[in-house]
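A.B. asks: Let me begin by handing over the structure; questions about it come next.
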Amino acid sequence: MLFVTGGAGFIGSNFILDYLAATQDEALLNIDKLTYAGNPYNLSTLENNPRYRFSQTDICDSTIIAELFTRYRPRAIAHFAAESHVDRSIASPDEFVRTNVNGTFNLLEAARRYWSTLEGKEREEFRFLHVSTDEVYGTLGPRDAPFSEITPYAPNSPYSASKAASDHLVRAYHHTYGLPVLTTNCSNNYGPYHFPEKLIPLVISNALDGKPLPIYGDGMQIRDWLYVKDHCSAIREVLARGTPGETYNVGGWNEKANLDVVHTLCDILDELAPKADGSYRDQISFVKDRPGHDRRYAIDARKIERELGWKPAETFESGIRKTVAWYLANPEWVANVRSGNYMNWIEQQYGGSASAQPA
Ligand code: NAD
Ligand code: DAU
């Protein structure tokens with residue numbers, strides 16, 4: 001059994017779909033509180049899949065988390081659950097500290113207790129994979145080398161500081177207790193099921209709705225974009241063959257200025273869903289900058305490429321086209337998210353039951 005936390009979110013749901021398709025036999029338990037960012041519709045195709053289980057649980061609930069470990073005896077945990085949006089962390093940081101720091105601590109404690117009862121092969125093979133971000137490294141100047149695994153931590157937002165704190169706890173549990181942990185620090189993801197509060201899905205959905213496309217500051221901030229399915233394959237590789245105690249930077253060598261990303265999105269939309277009049281570029285609107293806005297992120301992904309042979313399958317050009325095509329083909333997903341209707345899904349489908357596949 002593999003535990004996945006935060007599996008109803010953007011990357012977690014892509015990971016679950018990818019993992020079940022790419023592997024055989026092993027069952028998976030998705031542990032998700034279903035915050036505003038958790039959308040069980042993403043996984044509705046798995047309703048009758050005997051390898052999939054769901055538990056609506058807060059990772060901060062130590063009693064239920066301990067019970068899940070005792071009951072399912074996982075061979076590994078892939079920990080995605082987090083508050084993930086930088087702007088929300090600036091507006092209200094409390095939940096970021098609670099989930100990202102205390103929640104990760106709670107999972108580490110439960111995993112340590114459980115792992116200490118294991119023997120032989122089970123003990124040797126257990127893994128705690130912590131999914132983290134490149135934002136823990138802070139910001140780069142235009143000519144700085146990309147972030148490597150030895151770049152010192154310098155987080156700048158409450159979000160990145162909470163992720164950095166969780167990375168340090170994960171590291172300490174390996175150093176002090178020997179818990180077989182793995183950490184991945186990935187750059188900006190994009191692709192299907194991306195919540196339309198983040199730049200790329202926000203721009204696609206606002207463009208189609210005829211709304212302004214908000215660009216913070218001068219729009220020349222740089223992010224290093226990776227198609228979400230490439231992040232999923234990297235996590236599978238690290239889980240299967242990564243060395244306990246090591247961290248792996250994951251990125252696609254795709255540095256782009258925000259304004260260029262938005263121009264690309266507008267141009268693809270002009271081609272695939274042309275407006276009656278003019279270009280989607282006409283909707284671009286420069287707005288007040290994000291406080292403390294990091295100027296540039298870039299990932300040096302040579303370690304994971306060299307040691308695990310991982311490489312992204314998509315270029316930015318191919319991945320961004322697939323992404324726009326997915327949003328055009330799934331307008332009801334966006335409408336559902338924007339209306340908040342997806343939040344009623346558990347109630348509608350299961351009458352409020354906490355478990356989609358009662359176990
Ligand atoms: P997301 O916000 O889309 O999803 C987060 C998921 O975690 C949701 O399903 C939510 O319901 C769940 N969750 C939140 N608090 C919880 C709690 N207390 N208990 C249980 N579940 C809870 O996030 P995402 O973009 O999919 O990111 C997933 C992970 O990857 C995060 O740890 C994030 O820091 C990391 N990451 C994200 C990116 C990116 O570009 N999105 C890049 C690098 C790393
Ligand atoms: O680098 C990895 C990180 O990428 C993850 O750890 C985070 O969870 C994820 O949210 C993402 O953080 P960013 O802040 O980089 O992503 P976001 O989509 O919010 O913003 C991307 C860039 O676009 C950033 O420079 C801010 C800018 N932006 C964003 C929004 C929402 C705008 O200019 N306008 C907007 O409306």
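Here is a yes/no grid of residues against (1) farther than 15 Å from F195 by Cβ; (2) within 16 Å of ligand 2 (Cβ to nearest atom); (3) open to solvent by 40 Å² or more (accessible area, probe 1.4 Å); (4) not hydrophobic (A, V, I, L, M, F, W, C):
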site: F3; (1), (2), (3), (4): yes, no, no, no
site: G9; (1), (2), (3), (4): no, yes, no, yes
site: F15; (1), (2), (3), (4): yes, yes, no, no
site: N30; (1), (2), (3), (4): yes, no, no, yes
site: R53; (1), (2), (3), (4): yes, no, yes, yes
site: C60; (1), (2), (3), (4): yes, no, no, no
site: I65; (1), (2), (3), (4): yes, no, no, no
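A.B. asks: If you scan segment 160-170, which residues turn out to be away from ligand 2 (no atom under 11 Å from the Cβ), touching a Ser or Thr at 6+ places or on another chain (Cβ under 8 Å) and of a type outside the set (A, V, I, L, M, F, W, C)?
C.D. replies: S166, D167
A quick yes/no check of all residues on (1) within 15 Å of ligand 2 (Cβ to nearest atom); (2) hydroxyl-bearing (S, T, Y); (3) under 21 Å from R171 (Cα atoms); (4) open to solvent by 10 Å² or more (accessible area, probe 1.4 Å):
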site: R73; (1), (2), (3), (4): no, no, no, yes
site: I90; (1), (2), (3), (4): yes, no, no, yes
site: F96; (1), (2), (3), (4): yes, no, yes, no
site: N102; (1), (2), (3), (4): no, no, yes, yes
site: L107; (1), (2), (3), (4): no, no, yes, no
site: G120; (1), (2), (3), (4): no, no, no, yes
site: F126; (1), (2), (3), (4): no, no, yes, no
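A.B. asks: A further question follows. Go through (1) open to solvent by 10 Å² or more (accessible area, probe 1.4 Å); (2) assigned to a loop (DSSP other than H, G, I, E, B) and name the single condition R236 misses.
C.D. replies: It fails just one condition, (2).
A.B. asks: Which members of segment 128-139 meet the condition of being within 22 Å of L226 (Cβ to Cβ) and either touching a Ser or Thr at 6+ places or on another chain (Cβ under 9 Å) or away from ligand 2 (no atom under 16 Å from the Cβ) (or both)? First the steps, then the outcome.
C.D. replies: Going through segment 128-139, the residues within 22 Å of L226 (Cβ to Cβ) turn out to be 129-139.
Hits for segment 128-139 are L129, H130, V131, S132, T133, D134, E135, V136, Y137, G138.
A.B. asks: While we're on this one: Can you tell me which residues in segment 32-51 are under 19 Å from E197 (Cα atoms), more than 6 Å from ligand 1 (Cβ to nearest atom) and surrounded by 21 or more Cβ atoms within 10 Å (Cβ to Cβ)?
C.D. replies: Of everything in segment 32-51, those that are under 19 Å from E197 (Cα atoms), more than 6 Å from ligand 1 (Cβ to nearest atom) and surrounded by 21 or more Cβ atoms within 10 Å (Cβ to Cβ) turn out to be N39, P40, N42.
A.B. asks: Would you confirm whether or not segment 176-183 contains a residue that is modelled with pLDDT of 95 or more and within 14 Å of ligand 2 (Cβ to nearest atom)? Give the derivation first.
C.D. replies: Of all residues in segment 176-183, those modelled with pLDDT of 95 or more come to 176-183.
Within this subset, residues satisfying the condition of being within 14 Å of ligand 2 (Cβ to nearest atom) are 183.
Yes, the conditions are met somewhere in segment 176-183.
A.B. asks: Which residue pairs have Cβ atoms under 9 Å apart, sit 6 or more places apart or on different chains, and have a first residue in segment 82-101 that is within 17 Å of I59 (Cβ to Cβ) and a second that is open to solvent by 70 Å² or more (accessible area, probe 1.4 Å) and part of a loop (DSSP other than H, G, I, E, B)?
C.D. replies: So the pair list comes out as T99/K33.
A.B. asks: Quick check: anything in segment 140-159 touching a Ser or Thr at 6+ places or on another chain (Cβ under 7 Å) and part of a helix (DSSP H, G or I)? It would help to see each step written out before you state the result.
C.D. replies: Going residue by residue through segment 140-159, those that are touching a Ser or Thr at 6+ places or on another chain (Cβ under 7 Å) are 149, 156-159.
Now drop any that are not part of a helix (DSSP H, G or I), which leaves 158-159.
Scanning segment 140-159 turns up at least one residue that is touching a Ser or Thr at 6+ places or on another chain (Cβ under 7 Å) and part of a helix (DSSP H, G or I).
A.B. asks: Conditions: (1) within 16 Å of ligand 2 (Cβ to nearest atom); (2) farther than 17 Å from V170 by Cβ; (3) open to solvent by 50 Å² or more (accessible area, probe 1.4 Å); (4) modelled with pLDDT of 95 or more. V86 meets all but one. Number of the miss?
C.D. replies: (3)
A.B. asks: Can you name the number of the only condition in (1) more than 17 Å from G319 (Cα to Cα); (2) outside any helix (DSSP H, G or I); (3) touching a residue at least 40 places away in the same chain (Cβ under 8 Å); (4) open to solvent by 20 Å² or more (accessible area, probe 1.4 Å) that Y193 fails?
C.D. replies: Condition (1) is where Y193 drops out.
A.B. asks: Take G242 and decide whether it is within 14 Å of ligand 2 (Cβ to nearest atom) and among the small types (G, A, S).
C.D. replies: Numbers: within 14 Å of ligand 2 (Cβ to nearest atom): no; among the small types (G, A, S): yes.
In short, no.
A.B. asks: Here are P158, P146: which of them is touching a Leu at 6+ places or on another chain (Cβ under 9 Å) and open to solvent by 40 Å² or more (accessible area, probe 1.4 Å)? Spell out how you get there, then give the answer.
C.D. replies: On the way: P158 fails: touching a Leu at 6+ places or on another chain (Cβ under 9 Å).
None of the other options fit; the residue is P146.
A.B. asks: Related question: Test of understanding: among A172, A164, which residue is aliphatic (A, V, I, L, M), part of a helix (DSSP H, G or I) and crowded, with 20+ Cβ neighbours inside 10 Å? Talk me through it step by step, then tell me what you get.
C.D. replies: Numbers: A172 fails: crowded, with 20+ Cβ neighbours inside 10 Å.
It is A164.
A.B. asks: Do we find a residue being surrounded by fewer than 17 Cβ atoms within 10 Å (Cβ to Cβ) and within 13 Å of ligand 2 (Cβ to nearest atom) anywhere in segment 204-213?
C.D. replies: Yes, because at least one residue in segment 204-213 is surrounded by fewer than 17 Cβ atoms within 10 Å (Cβ to Cβ) and within 13 Å of ligand 2 (Cβ to nearest atom).
A.B. asks: May I ask you to list the residues in segment 162-190 that are more than 25 Å from R75 (Cβ to Cβ) and in contact (Cβ under 8 Å) with a residue 60 or more places away in the chain?
C.D. replies: Narrowing segment 162-190 to residues more than 25 Å from R75 (Cβ to Cβ): 162-165, 168, 187-190.
If the condition is that a residue be more than 25 Å from R75 (Cβ to Cβ) and in contact (Cβ under 8 Å) with a residue 60 or more places away in the chain, then S162, K163, A165, S187, N188, N189, Y190 are the ones that fit.
A.B. asks: Among the residues of segment 204-231, which ones are aliphatic (A, V, I, L, M) and within 16 Å of ligand 1 (Cβ to nearest atom)? Show your work before the answer.
C.D. replies: Quick first cut of segment 204-231, residues aliphatic (A, V, I, L, M) only: 204, 207-208, 213, 215, 220, 222, 226, 228.
Scanning segment 204-231 gives I204, I222, L226, V228.
A.B. asks: Across segment 165-182, what is the total count of residues that are within 12 Å of ligand 1 (Cβ to nearest atom) and in contact with a Gly (Cβ under 9 Å, 6 or more places away or on another chain)?
C.D. replies: 1
A.B. asks: Counting only residues that are of a type in the set (G, A, S), give me the helices (runs of 4 or more DSSP H) lying completely in segment 37-136 with at least 3 of them.
C.D. replies: 104-116
The values are calculated or read from the model by the stated rules, or taken from the named source; none is laboratory data. All values reported here derive from a predicted model rather than from experimental measurement. Reconstructed Cβ throughout: ideal geometry from the backbone, glycine too, with neighbour counts over all protein chains shown. Remember, those area values only see protein heavy atoms, side chains included, never the ligands or the DNA or RNA. Shrake-Rupley method; radii C 1.70, N 1.55, O 1.52, S 1.80 Å.
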